[in-house]
1. Tell me whether the range A:33-74 comes out rounded, prolate or oblate; compute the Cα gyration tensor, take square roots of the eigenvalues as a ≥ b ≥ c, and use a/c under 1.5 as the rounded threshold.
2. In nm, what is the difference between 0.36 nm times the number of residues separating B:PHE144 and B:TYR122 and their Cα-Cα distance?
3. Which ordering of A:ARG32, B:ARG83 is given by a fewest-first count of other beta-carbon atoms within 10 Å?
4. Would you mind getting me the FRET efficiency between A:GLN85 and B:LYS85? Use the beta-carbon distance for r and R0 = 51 Å, nearest 0.05.
5. Going by how many other Cβ atoms sit within 10 Å of their own, how do B:TYR65, B:TYR98 line up, fewest first?
6. At most 15 other Cβ atoms within 10 Å and a DSSP loop assignment: could you name the GluC sites (Glu not before Pro) in the range A:2-94 that fit?
7. What angle, in degrees between 0 and 90 and rounded to the nearest 10, separates the Cα long axis of helix A:74-93 from the longest principal axis of the Cα atoms of chain A?
8. Of A:LYS59/B:LYS21; B:LYS17/B:LYS85; B:LYS4/B:LYS214; A:LYS48/B:LYS17, which pairs sit farther than 30 Å apart, going by alpha carbon to alpha carbon?
Amino acid sequence: MIELDPLLHSQLRLAIMSILLSVESADFVYLRTQTESTAGNLSIQLDKLSEAGYINVNKLSDGNRPRTLCSITEKGRDAMAAYTQALRSYLAGL
Amino acid sequence: MEDKIITEQESLDVIQKMIDKTRQSMFNGKPLLWFGYVLAIGIIVFNLLAFYVNESWAENLVIFYLVTFVVAIISIIIFIENRRKKSHVSSYSDRIVYGAWSIGLIFMGLVCYFFLPAIYAYGIVAVGYMQFVLAGFLYMTNLFSGIAQSTGKMLLVTKATYGVTFGLFAGIATTLFGDNVSSMKVLIEGSFIFLFVVVIALIIPGHRLCVWNKQHADAKKVV
């Protein structure tokens, strides 16, 4: 049986990846609102996903306010595909 | 939401919930409704004026189309620029929808522009033929914009209407190339087919998307 990716098998990180899977890019504010998480926690999880190469995090300056834009990478897309495949096989085996 | 380990079933629920939430902030269909109703009302009003008041009103219909297309293109440019500055999310579907409509509107504007000399030379019969061409472009733009793919129910609606449209195109083409075809008949039939495509390509999808968005917003309130 395929093993579930431990990096994705967490509620908040999985939520972030699911959102980024369906959009071109999303900023920090959007992710925080949609996942209903705290800024600190979200920031930590984004760093973890970025270090794994699953997402790209770009810090931009929009006038006076900084803006953090996130998008999923090809590696992240493959990881999500493998994760959902593993989920299906787990649930089929129940 | 927290950084906690979840079960396999909960994982699937999270994925489903997040994808649903993301879809709510996508294209809401209102621009289609505005554009659709403005065109539909214009077609009806100008045709009634041409039929009951003076045939030359039909020529003004071309100017009305040109102005409407130009205003729609400018609205799209302003909307995209505003969204780039203010929006927190950028989706693939939005890019496809607005990209397809921008290109479609440019082509439809060019059709009006290139038909202008023919309209001044041949009168209302050229307006009628021009609307057949516009109907074709609008039809193709709708197809390429991928709106049909955005919701399952919409796909069923458009599949059914596309079948009917092909039948109508074939029927009207037969009438047009028959005997004793008057200029007014070509104008009315051209307007009718364009109006029909406006309804199936703009008004029905617009309403469908608005209802779909409202249902999701209501469901969110309940949750």
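1. oblate
2. 4.6 nm
3. Working: A:ARG32 17, B:ARG83 14.
Lowest count first: B:ARG83, A:ARG32.
4. In this case the efficiency is close to 0.85.
5. With the fewest neighbours first, B:TYR65, B:TYR98 line up as B:TYR98, B:TYR65.
6. A:GLU3, A:GLU24, A:GLU36
7. So the inclination is approximately 40 degrees.
8. Where the Cα-Cα span goes over 30 Å, the pairs concerned are B:LYS4/B:LYS214.
Readers should treat all values here as calculations from the given coordinates under stated rules, not as data from a laboratory. These numbers come from a predicted model, not from an experiment. With ideal geometry, Cβ positions are generated from the backbone for all residues, glycine too; neighbour counts draw on all protein chains shown.
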